[in-house]
1. Quick one: count up the residues across segment 215-244 that are outside any helix (DSSP H, G or I) and touching a helix residue (DSSP H, G or I) at 6+ places or on another chain (Cβ under 6 Å).
2. Just checking, does segment 40-60 include any residue being within 13 Å of the ligand (Cβ to nearest atom) and touching a helix residue (DSSP H, G or I) at 6+ places or on another chain (Cβ under 9 Å)?
3. Would you confirm whether any residue within segment 193-213 is surrounded by fewer than 19 Cβ atoms within 10 Å (Cβ to Cβ), under 22 Å from the mean Cα position of the chain (by Cα) and in a strand (DSSP E or B)?
4. If I ask for residues that are outside any loop (DSSP other than H, G, I, E, B), touching a residue at least 40 places away in the same chain (Cβ under 8 Å) and over 18 Å from the mean Cα position of the chain (by Cα), which ones from segment 45-65 would you list?
5. Here's a check for you: in segment 32-42, which residue that is surrounded by 15 or more Cβ atoms within 10 Å (Cβ to Cβ) and modelled with pLDDT of 95 or more is farthest from residue 128 (Cα to Cα)?
6. Please specify each residue of segment 272-288 satisfying the condition of being modelled with pLDDT of 95 or more, out of contact with any helix residue (DSSP H, G or I) (no Cβ under 6 Å at 6 or more places or on another chain) and crowded, with 19+ Cβ neighbours inside 10 Å.
7. If I go through segment 172-192 residue by residue, how many of them are in contact with a helix residue (DSSP H, G or I) (Cβ under 7 Å, 6 or more places away or on another chain) and assigned to a strand (DSSP E or B)?
8. Could we say that residue 268 is at pLDDT 95 or above, touching a strand residue (DSSP E or B) at 6+ places or on another chain (Cβ under 9 Å) and either buried (at least 18 other Cβ atoms within 10 Å of the Cβ) or over 27 Å from residue 286 (Cα atoms) (or both) here?
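The values are calculated or read from the model by the stated rules, or taken from the named source; none is laboratory data. From a predicted model like this one, the values you see are computed outputs, not experimental measurements. Neighbour counts are summed over all protein chains in view; Cβ atoms, including those assigned to glycine, are modelled from backbone coordinates with ideal geometry.
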Ligand code: SF4
């Protein structure tokens with residue numbers, strides 16, 4: 001399937017920094033382990049304005065940890081003033097009541113990532129002790145403030161829990177839905193999605209130990225209604241089908257309209273891969289976007305992406321594309337990853353308890 005050259009940008013994923021207090025074993029951007037690349041405020045404002053001027057249907061801000069951007073409140077306000085719904089992804093590590101209040105009034109959705117059914121698993125997957133408790137505390141703050149604001153007749157952002165499913169994080173998700181939905185009245189949704197083989201999650205240690213098998217992936221997608229039945233307090237439960245990235249899937253078009261912006265203002269040719277097609281600081285968005293669509297239809301890229309029929313195939317294709325099209329800095333970073341033979345996982349007998 002060719003990507004139509006007329007494809008328009010529907011959504012921007014803007015990563016304003018690669019700084020992050022966590023070290024997740026599946027991090028798609030390798031955040032926290034690389035330079036933060038955070039632009040100075042005047043340049044970052046230019047990137048934000050370029051995104052706003054493109055009039056996307058929505059914008060997602062992630063990272064890294066976007067709440068580490070010193071002027072995030074004002075930045076989010078710019079999107080709100082422009083009438084563009086904003087979804088913010090946070091780990092909840094740097095979070096307090098003040099942040100929750102600001103987010104409630106500024107953004108459409110605040111999504112907190114929880115990647116294990118309990119602190120033992122989550123903290124190991126996310127690489128930092130205490131991260132489960134902080135994520136759940138952030139969700140408690142957000143849902144409490146949402147209830148208070150709603151009672152006063154004020155608008156408040158939707159609150160979502162995003163669960164990236166690794167093999168370690170798969171057991172116990174049914175009970176997690178029951179417990180989290182009971183603990184967090186006011187939570188809108190819990191979304192499960194299999195970890196995708198992008199960034200450090202394409203490396204052999206992760207693929208071997210933590211990437212879901214194809215059977216586990218199908219089982220997860222088919223579990224949606226079973227999981228939804230465990231929720232209380234009106235919490236909606238969905239499972240994202242990671243197969244939408246597979247070029248032969250009828251779901252593939254869903255990802256074609258997403259434009260991913262790196263912290264230095266570069267537009268990625270495709271969100272899943274390290275290829276960059278230029279910077280929003282130097283060229284108009286539509287010029288860069290045409291180049292991104294051209295890249296997706298390049299014969300070598302098509303050969304790689306069309307060879308993907310499973311998550312394991314995808315890991316191999318990611319590896320080939322990142323090593324070919326990454327910048328010199330990306331290639332050096334990836335080579336260090338190779339050299340270290342990164343095995344980030346603790347003893348599996350430990351991580352499955354708790
Ligand atoms: S919290 Fe997000 S950005 Fe930070 S290391 Fe984890 S996956 Fe990467």
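1. Within segment 215-244, residues that are outside any helix (DSSP H, G or I) and touching a helix residue (DSSP H, G or I) at 6+ places or on another chain (Cβ under 6 Å) number 8.
2. No, segment 40-60 contains no residue that is within 13 Å of the ligand (Cβ to nearest atom) and touching a helix residue (DSSP H, G or I) at 6+ places or on another chain (Cβ under 9 Å).
3. yes
4. Of everything in segment 45-65, those that are outside any loop (DSSP other than H, G, I, E, B), touching a residue at least 40 places away in the same chain (Cβ under 8 Å) and over 18 Å from the mean Cα position of the chain (by Cα) turn out to be 46, 47, 50, 51, 53.
5. Per the stated criteria, the residue is 39.
6. 276, 288
7. 2
8. Here the answer is yes, as residue 268 does meet what is asked.
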